[in-house]
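Read through the structure below, which is laid out as structure tokens, and then see the notes.
The values are calculated or read from the model by the stated rules, or taken from the named source; none is laboratory data. Here the structure is a predicted model, which means the values were calculated and not measured. Note: ideal-geometry Cβ built from the backbone for every residue, glycine included; neighbour counts use all protein chains shown.
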Amino acid sequence: MTRIAVLGAGANGASIGADLTIAGLDVTLIEQWPAHVEAIRANGVVINTPTESYHTPIRVHHLCEVATLREPYDVVFTLVKAYDSRWAAELIKPLLRHDGLLVGVQNGMTVDDITDVVGQERTLGCVIEISSMMFEPGIVERHSGKERSWFAVGSASPSTSGREEEVAALLRNAGKVEVVDDIRSTKWMKLVSNSTTLVTTAILGLPMLDAASIPEMRELMLRSGREALKAGRLQGLSAPPIFGLTQSDIDGGGDLVELLLETLLAGFVMPNTKTTILQDWMKGRRSEVGDINGRVVSALHSHGSAAPVNSSIVKLAGQIESGELEPGPNNLALLLAASGSS
């Protein structure tokens with residue numbers, strides 16, 4: 001049987017691990033939050049969805065135990081933060097089979113970080129859209145069940161061409177899966193969506209739907225996504241469909257960023273869904289703003305273009321993480337002023 005590890009068992013990692021375990025697969029979670037590890041060992045993972053709650057016993061190891069493991073894994077799904085991708089790949093590299101696959105199921109453009117560590121022949125990229133939260137060890141609030149969860153899997157190089165279905169078949173136990181030809185462009189399209197929603201709404205300290213319902217905020221969100229879309233095109237990336245959209249949807253001639261936002265809000269987000277960025281700040285953790293909006297700023301600047309909205313988002317996020325600001329609705333005026341919207 002295929003041996004599978006999930007490296008990073010937060011809300012999404014634990015959800016995927018539970019789904020694969022229920023399907024009868026050999027799954028091990030590897031996690032860095034000690035209380036979470038102990039809760040899973042004692043009680044398994046509890047997944048609460050809008051329609052059901054289920055409890056799944058599952059094998060779990062703390063990061064500090066990885067050096068004691070000996071039997072290698074065939075497939076490793078990494079769901080650590082984007083900024084942790086390189087060291088996490090180094091950590092698991094000795095336990096990845098010579099013909100195994102390390103799959104970056106993450107936000108951000110992490111494919112090349114993983115490839116640099118384990119090689120192109122053992123790297124697959126993956127885009128994920130699951131809405132979930134976790135504040136208590138061992139308990140996940142998953143707002144999008146399997147029927148509302150979506151993945152895209154693609155090769156990072158020709159050396160893994162044809163192996164995408166090996167991973168897609170596993171992930172179909174956790175949601176809908178598409179195999180894509182251009183994983184870098186697909187991941188950038190997800191970054192366009194993330195730059196529109198994740199940090200922007202977190203700065204206001206509001207659930208995503210609440211923030212997006214404010215007209216001035218919605219327009220600022222769309223401007224942020226348009227900058228990200230421009231940055232992708234300047235890098236020579238295409239605009240493939242994500243979130244279950246079709247190419248005809250993408251080529252329809254409307255505002256592509258608005259289409260992505262409407263698709264996300266209508267199909268994946270619940271009224272009380274807080275973005276991963278806001279969850280990080282509520283837990284006192286630093287966020288992935290540098291790998292999302294910061295990446296847009298760097299890409300546009302490298303091509304001689306300005307990124308006023310994303311630059312303002314990065315600035316205010318930095319002030320929140322330094323303790324100068326608190327997330328809250330009053331930050332909307334600061335965002336509008338900093339981005340030249342007022």
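Determine which member of the set Leu220, Leu229, Leu237 is closer than 27 Å to Gly318 by Cβ, of a type outside the set (S, T, N, Q) and not in a helix (DSSP H, G or I).
Leu237
Check Gly17, Gly44, Gly10, Gly24 and return the single one that is of a type outside the set (Ser, Thr, Tyr), over 10 Å from His61 (Cα atoms) and surrounded by 24 or more Cβ atoms within 10 Å (Cβ to Cβ).
Going through Gly17, Gly44, Gly10, Gly24 in turn, the sole match is Gly17.
Scanning region 170-225 for residues that are closer than 25 Å to Gln279 by Cβ, of a type in the set (A, V, I, L, M, F, W, C) and surrounded by fewer than 20 Cβ atoms within 10 Å (Cβ to Cβ), which turns out farthest from the chain's Cα centre (by Cα)?
Out of the qualifying residues, it is Ile214.
Go through Val153, Val167 for me and flag whichever is more than 15 Å from the chain's Cα centre (by Cα) and not assigned by TED's automatic domain parsing to the domain that holds Leu260.
Testing whether each residue is more than 15 Å from the chain's Cα centre (by Cα) and not assigned by TED's automatic domain parsing to the domain that holds Leu260 leaves just Val167.
Quick one: is Asp84 more than 23 Å from Gly145 (Cβ to Cβ) and in contact with a Lys or Arg (Cβ under 8 Å, 6 or more places away or on another chain)?
Spelling it out, it is not the case that Asp84 is more than 23 Å from Gly145 (Cβ to Cβ) and in contact with a Lys or Arg (Cβ under 8 Å, 6 or more places away or on another chain).
Mind checking which strands (runs of 3 or more DSSP E) fall wholly inside region 84-139 and carry at least 1 residues that are in contact with a His (Cβ under 7 Å, 6 or more places away or on another chain)?
132-136
Identify, from the list Glu136, Glu129, the residue that is in contact with a helix residue (DSSP H, G or I) (Cβ under 9 Å, 6 or more places away or on another chain), among the charged types (D, E, K, R) and surrounded by 21 or more Cβ atoms within 10 Å (Cβ to Cβ).
None of the other options fit; the residue is Glu129.
Just give me the residues in region 27-80 being charged (D, E, K, R) and closer than 16 Å to Gly138 by Cα, in sequence order.
Glu31, Glu38, Arg41, Arg59 - these are the residues of region 27-80 that are charged (D, E, K, R) and closer than 16 Å to Gly138 by Cα.
Only one residue in Asp181, Asp99 is under 24 Å from Ser238 (Cα atoms) and among the acidic types (Asp, Glu), so which one is that?
Just one listed residue meets the conditions, Asp181.
Select, from Leu95, Leu7, Leu69, Leu25, the only residue that is in contact with a Gly (Cβ under 9 Å, 6 or more places away or on another chain) and not assigned by TED's automatic domain parsing to the domain that holds Arg285.
Leu7
Exactly one condition in (1) in contact with a helix residue (DSSP H, G or I) (Cβ under 9 Å, 6 or more places away or on another chain); (2) closer than 30 Å to Asn43 by Cβ; (3) among the hydrophobic types (A, V, I, L, M, F, W, C) is false for Val167; which is it?
(1)
State all residues of region 255-306 that are of a type in the set (Ser, Thr, Tyr), under 27 Å from Val80 (Cβ atoms) and surrounded by fewer than 17 Cβ atoms within 10 Å (Cβ to Cβ); if no residue qualifies, say none.
If the condition is that a residue be of a type in the set (Ser, Thr, Tyr), under 27 Å from Val80 (Cβ atoms) and surrounded by fewer than 17 Cβ atoms within 10 Å (Cβ to Cβ), then Ser298, Ser302 are the ones that fit.
Quick check on this structure: which one of Ala333, Ala306, Ala337, Ala317 is among the aliphatic types (A, V, I, L, M) and either part of a loop (DSSP other than H, G, I, E, B) or under 17 Å from Lys190 (Cα atoms) (or both)?
Just a single option satisfies the conditions, and that option is Ala306.
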